[in-house]
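First comes the structure, then the notes that go with it.
The values are calculated or read from the model by the stated rules, or taken from the named source; none is laboratory data. The shown structure was predicted, so the numbers you read here are calculated from the model rather than taken from an experiment. Note: ideal-geometry Cβ built from the backbone for every residue, glycine included; neighbour counts use all protein chains shown. Heads up: the accessible areas ignore ligands, DNA and RNA and are worked out on the full protein's heavy atoms, side chains in. Shrake-Rupley method; radii C 1.70, N 1.55, O 1.52, S 1.80 Å.
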Amino acid sequence: LFLAVCAVGIGGTFQYGYNVSIINAPTQHIHRFLNETWASRFHKELNPDLLTFLWSVIASIFSLGGLCGALMGGSMAIRLGRKGALLMNNIIALLASILMGISFPTGLFELLIAGRFLIGINSGIGICVQPLYIGEVAPKHLRGGMAMGTSIFLTGGILTGQIIGLRELLGGETYWPLLLSSSCFPAFAQLLFLPWFPESPRYLLIDKGDELSCAKALKRFHGSSEYQREMEDIQRECFALDGEKPKKPWQLFADRGVRWQLITVIVMTMGQQLSGINAIYFYATYIFEQAGISAVKIPYATLGTGACECLTALTCVNHVGRRCLIIGGYLLMTLWSIVLTFSLTYQELYSWVPYVSMVSLFAFILSFGLGPGGITNTMTAELFIQSSRPAAYMIGGTISWISFFAIGMLFPFIVNGLKQYCFLVFVLECAIVAAFLFLVIPETKNKSFLEIKKEFHRLNFGRN
């Protein structure tokens, strides 16, 4: 089970985190490449506004690709299987790596845009299908711990991208095309290791009706002496579904039986992206400067933020329950946003205040990793039964990528308008999400998917 998490993670959410992270290091080199390419083609300098536009397209087209990938992921998981969808997804990653790698030698920045779009599709599919696979192969008493693999590989991808992007490695002027095309290595790793693992047993029995293959897969995952209990749980869910086919996303919106589960996923997903984590990373350089860290050393200090989030994902104490972790995470983020607002406001008054800002910054990241960062994908898998789960991930993924794109577009204006008071917006957002989750979500730890569905029955249909 542990090796299965690693095999799906390296080509799944690792790719997302890695490709979000690596684009920051070669910013200046890509600007120079765009200028030189434009001058060689049209024999005149590139207009600064057009340069900014082209760079924005290169950076943000990843989000558009991710949105397309999220819309494709659920359908691929149904048609090709969870494992088949992940394997096919690596072909997209390899093509993207080739396009980004040859963009510089060929002098075609359009290939860079196309490559970023394709790697966005790859990330969108991966972040949709990977937690789907993990949630379905995990026994219920290990589901939380295994689902944390999604968050661990995502944060591990961010940290790896920050390290590889250092100027001493591939972040220098000579090697930046190699940096952007290095996402082929996780794709190769998954193509090498994932074929050794079985398809999701739930998919095999409930979607394909293949009881023999399901039993073989369960024996591989749980051992020949322990698999029977999981087999019975899957058979109960299959019986409850009574031949119901996998639903389309629009059918979920019309299904009263999953109304509050769907609302919960939308609120959790939007809350995760709009929680202020992007503001924290945006302000990190300024906070480190105020604390007296030299400009040369700031990239290494920034590594600490990535390491901090990764460490939280690795050590997340899941035995206290998902409900406690995610609500507690949002409440702590509310607290640290308030502290950070005050410390940034009075940064110049006392010499020790910048260090309060640094502590708040790392505490906010730890709180995010503890709750919203780690638990959101876990709960999306747990709130739905087999026929609704792929569609739920498509909806959740779509909301996530739209929110990611929106915060990327609006955030600079929010910061320019409100300065450090922008964190008060995130205080309100985190507090509202925490209140909603406290009122709506039940504890899902150690419960079967059918038991969780019953928990929502009263909300969806009233007391009667």
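Taking the Cβ of I326 as the center, what net charge do the other residues with Cβ under 14 Å away carry, scoring Lys and Arg +1 and Asp and Glu -1?
Details: positive: R322, R323, K445; negative: E382, E443.
Once all neighbours under 14 Å are counted, the net charge is +1.
Leaving out ligands, DNA and RNA, and with a 1.4 Å probe, what % of the accessible surface on region 244-463 is carbon or sulfur? It would help to have the intermediate numbers written out before the result.
Values: 6670 of 9540 Å².
Percent of accessible area from carbon and sulfur atoms in region 244-463: 70.
I'd like to compare 7-18, 66-77, 188-199: which one has the highest average count of other Cβ atoms within 10 Å, and what's the full order after that?
7-18, 66-77, 188-199
Of all accessible surface on region 1-197 at a 1.4 Å probe, what whole percent is carbon and sulfur? Numbers along the way, then the final one.
Values: 5520 of 7630 Å².
For region 1-197, the apolar C and S fraction of the accessible surface comes to 72 percent.
For region 1-197, what is the accessible area per residue in Å², given a 1.4 Å probe and the full set of protein chains?
Values: 7630 Å² over 197 residues.
Per residue, region 1-197 has an accessible area of 39 Å².
Convert each backbone phi in region 431-444 into a coupling constant with the Karplus relation 6.51 cos²θ - 1.76 cosθ + 1.60 (shift: θ = phi - 60°), then list the ³J(HN,Hα) values in order as whole Hz, x for Gly and Pro.
Karplus values, whole Hz, x for Gly and Pro: 5, 5, 5, 4, 5, 4, 5, 4, 7, 10, 7, x, 6, 10.
What number comes out for accessible area per residue over region 315-464 if the probe is 1.4 Å? Units Å², please. Intermediate values should be presented prior to the final figure.
Values: 6490 Å² over 150 residues.
So region 315-464 comes to 43 Å² accessible per residue, rounded to a whole number.
Hey, could you get me the Stokes-Einstein D for the chain, Kirkwood radius over alpha-carbon pairs, 20 °C and 1.002 mPa s, rounded to whole µm² s⁻¹? It would help to have the intermediate numbers written out before the result.
Working: Rh = 23.0 Å.
Translational D for this selection: 93 µm²/s.
Just how many pairs of Lys in region 244-463 have C-alpha atoms closer than 29 Å, counting pairs that are eight or more places apart or on different chains?
Final tally of qualifying lysine pairs is 15.
Just to confirm my numbers, what's the Cα centroid distance between region 167-235 and region 54-87 in Å?
Answer, in whole Å: 17.
For a quick protection proxy, order the peptides 88-97, 355-364, 299-308 by their average other-Cβ count within 10 Å, most packed first.
Taking the mean over residues of other Cβ atoms within 10 Å, the ranking is 88-97, 355-364, 299-308.
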